[in-house]
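> Got a structure for you, questions after.
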Amino acid sequence: MNKSINRAYLAPLSPQMKIFELVERAPSVLSIFSRLDIRLPFGDISVAEMCEREGYTTELFLALCSIHASEGFRPDTEALSEDILPEVISYLRASHRYYAEKMLPHTSEHLQEILEHCDALSRSMLRRFYDDYMEYIVNHFLEEEEHLFSIIDSASTGKADLSILDVPHADIDDRSNDIASLIFKSLPEDAPTKLRIVTLEHIYALRDDLRRHNSVERYILKPLVDKYLQKK
């Protein structure tokens, strides 16, 4: 059910915007539609009408879009109700699937194209490095899932462990940058520049998307859980 809107903190994105206007202004929000399984086509409906149709809270949807549109965006969690916690957790779970089933394998496919032009040592080194990187991220997701699944139930007793949300994601950033550095500096010249660029684009896109995922956890999920606990 759609809820009331606090328009001030949502600028420049607004509930009255047509979906096409939203995407035109911030194409990076398209991945949110994939994660939430939002149906196409949209016709000429507004953001608020789409959220009503799909059963999402407009404030939350626009906060997610704003984070994806601008890395420095910080939502006003005072304008968000802790009642939307299940929606937030559902989105984060969907994001984990999106990374594990789409972004990580897709980047791996492009990396494999480069490796076919490399010597055995370079191929083994970069393949192992990326596989370790994927394993690290997936294991991080699994740890988050354990906490996210139990957050609401344990919160009612005041025993929710939110420490994982305070852990900085700098290590994921560092690993992403290390892979990019290897592609820039260490691969043989026979590795085509075009393939390097395409792979780097995917690595940086993955890194930046993971940063936004972290922002959702830190600046939406955690404050809402804190707010929920304060009312207990």
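> Give, as a single signed number, the net charge of other residues whose beta carbon lies under 14 Å from the beta carbon of residue 174, with Lys and Arg counted +1 and Asp and Glu -1. Write out the running numbers ahead of the final one.
Numbers: positive: 175, 207, 211; negative: 132, 171, 173, 178.
Around residue 174, the charge tally is -1.
> If you average the sequence gap of Cα pairs under 8 Å that are 6 or more apart and divide by the length of segment 8-78, what percent do you get for the contact order?
Details: 59 pairs, mean separation 29.6, N = 71.
With pairs under 8 Å counted, the relative contact order is 42 percent.
> While we're here: Work through the residues other than residue 53 whose Cβ is under 14 Å from its Cβ and net out their charges, Lys, Arg +1 and Asp, Glu -1.
-3
> What does the net charge come to around residue 73 if you take all other residues with beta carbon closer than 15 Å to its beta carbon, with K and R at +1 and D and E at -1? List each step's numbers first, then the result.
Values: positive: 25, 74, 211, 212, 218; negative: 59, 71, 76, 208, 209, 217.
Neighbourhood net charge equals -1.
> On alpha carbon coordinates alone, what is the Rg over Rh value for segment 8-78, Rh being the Kirkwood radius?
That ratio equals 0.92.
> Which peptide among 57-64, 103-110 comes first, and what is the full order, when sorted by highest mean count of other Cβ atoms within 10 Å?
Listed from highest to lowest mean packing, they are 57-64, 103-110.
> In whole Å, how far is the Cα centre of segment 179-232 from that of segment 75-108?
14
> If you place +1 on the Cβ of every Lys and Arg, -1 on the Cβ of every Asp and Glu, and leave all else neutral, what size is the dipole of segment 1-122 about its Cα centre, to the nearest 20 Debye? Show your work: numbers first, answer last.
Numbers: 11 positive and 19 negative charges, 52 e Å.
The dipole of segment 1-122 has a size of about 240 debye.
> Now a separate question. Charges only on Cβ, +1 for Lys and Arg, -1 for Asp and Glu: so what's the dipole of segment 8-78 about the Cα centre, in debye to the nearest 20?
Values: 6 positive and 11 negative charges, 35 e Å.
For segment 8-78, the charge dipole is close to 160 debye.
Quick note: the coordinates plus some simple rules give every number you see, no bench work behind them. Source: prediction; values computed, not measured. We place every Cβ from the backbone using ideal geometry, glycine too, and count neighbours over all the protein chains shown.
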